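Rule-based calculations on the coordinates, nothing more; no lab input. Treat the numbers as computed from the prediction; the structure is a model and nothing was measured. So basically every Cβ, Gly included, is an ideal-geometry build from the backbone, and we count neighbours across all protein chains shown.
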Amino acid sequence: MSSGFLGIEIAKSALFANQQAQQTVAHNVANANTDGYSRQRVILESTYTPYGMGSKWQIGTGVKVADVDRIRDEFTDRQYRNENASLGEWDIQSNILKQVEAVFNEPSDIGISSVLNEFWKSLETLSQDASSQEARETVKEQGVTLANTINHAAAQLYEMVSDINYRISIQVDEVNSIGSQIAQLNLQIQQAQTDGTSAADLKDKRDLLLDQLSQIVQFESYEDENGIFSVNIGGAILVKGPESAHLEFDTSTSNGKIKWKEYGSDARILKGELKGLFELRDNKVNSYIEQLKTFTSTFAEKFNEIHRTGYNLDGETNVDFFKYDTGILSVNQDIVDDPSKIAAAKTKEGIPSDNEIALELANFRSKVFTIGDRNCTIDDYYGSLVAKIGVDSQEATRMADSQLFMVSQLNERRQMTSGVSLDEEMTKMIQYLHGYNAASRVVTTIDEMLDTVINRMGV
């Protein structure tokens, strides 16, 4: 036979269950705008006496909070992080390629193309009056300006490669930091679950770190049958339970690479900002540098070949106009000091009115040469380089915009599942309030019943 106080115990369990449910609702409302928070739901479970314990029926003994469930769609999370890695890869390329476009600044009045045109114009002016000292001065000045402009663009590209390497080292440190934080959270989650405590908020923090990591590098995360949570990057384990490995940026080679400190092997970077940075450095910016060097060296070599065949006002021949050494273009210092050393005459006897070499130099821009693997003019080769940069930048921007839309859509889908709806929480708040009030009324009713039995029965 059940105790007369069982009803109070049942009502008490309802009071505590509704109170904890109300606290969970309050926690959801408080974190409605917290980044990475997943709404929580109290799982209520009825309690009862085991069959055969003093009765031939199973008697209900109330309610208990079985668990606090975290509402999360793991499949959408995986989709989001995979697409976010692609977004990180294309977004970083788009941003840096816009900087590369700014280096060349085409079309503009200060770009290489514009300065090159002014150089051709100065040569045309000299060809019209080969004896003009003023025309020679203009050719010299335009040559110096052209050399400085090309050198400045090359220096900025080299600086950009250094900046990319610095960004890679920063991102590697960030991956290591996130890995260490996830490992610490794994330990805290394991300890909380061992004690029977809900680890929903700790798991939210871990998921937020995984979202941040997905922008930097693509990874796989999973939890094994023993509840050990792991993060895998390119086939190697970054995090396993409370332990984490470390990446390092090895700059001992000309092109630095990422290696695993613990494993001694190269890291496989598939997507994310790190992949985008390596793609930029190795296949884009360094390629632009090589093409600019090819343009500059060919331009200086072919221009000098013509200039060396001519005679200057001093009757000298075999004089170079440009010097190209260790990637730096400059005008011959002798010409800088004395512009009369610019060759314009075909023969010594034709000085100073002979303008055949000046005409040939002025027509240099229309001559076709073998430049790299192409047969084209100097202007065409430089134009193709600028066009390639523009196409690469447009492609990166288009892909980044496409990925941003995809990531936004997936994030909205995640929020529909995990986000806090204030209207829904208000409904639950009223629901649990009524449950709490009803349980309180049950306690009052049973108290009145017991008072009748104890104080008034038989009176």
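Taking 0.36 nm per residue of sequence separation and removing the Cα-Cα distance, the D380/E262 pair yields an extension gain of 37.4 nm. In the set (i) 4, 15, 16, 14, 12, 10, 9, 7, 5, 3, 2, 2, 1, 0, 0; (ii) 4, 18, 23, 20, 14, 10, 6, 4, 2, 1, 0, 0; (iii) 5, 21, 32, 27, 12, 3, 0, the label that goes with P(r) over Cα pairs in 10 Å bins from 0, in percent computed for this structure is (i). Taking 21 Å as the limit for the C-alpha separation, the pairs K205/K257; K293/K323; K302/K367; K64/K205; K98/K367 exceed it in the case of K205/K257; K64/K205; K98/K367. Rounded to 0.05, the FRET efficiency of the Q431 and N151 pair, given R0 = 45 Å and the Cβ-Cβ distance, is 0.05.
Applied to the range 63-78, the Karplus parametrisation 6.51 cos²θ - 1.76 cosθ + 1.60 on θ = phi - 60° returns per-residue 3J(HN,Hα) values of 9, 9, 7, 6, 6, 10, 8, 9, 7, 8, 9, 5, 5, 5, 4, 5 Hz, with x for Gly and Pro.
The range 182-216 and the range 120-138 have Cα centres spaced 74 Å apart. Taking packing as the residue-averaged number of other Cβ atoms within 10 angstrom, the listed peptides 420-427, 306-313 run from highest to lowest as 306-313, 420-427.
Using the Karplus relation 6.51 cos²θ - 1.76 cosθ + 1.60 with θ = phi - 60°, the per-residue 3J(HN,Hα) values for the range 211-227 come to 4, 5, 5, 5, 6, 8, 7, 6, 8, 10, 10, 7, 10, 7, 5, 9, x Hz, with x marking Gly and Pro. The C-alpha atoms of the chain define a longest principal axis, and helix 378-418 lies at about 10 degrees to it. Counting only alpha carbon atoms, the long axis of helix 422-451 and the longest principal axis of the chain meet at about 20°.
State, as an integer percentage, the relative contact order of the chain based on alpha-carbon contacts under 8 Å between residues 6 or more apart. Intermediate results must be reported in sequence, preceding the final value.
Values: 667 pairs, mean separation 109.5, N = 459.
Taking the mean separation of contacting Cα pairs over the length of the chain, I get 24 percent.
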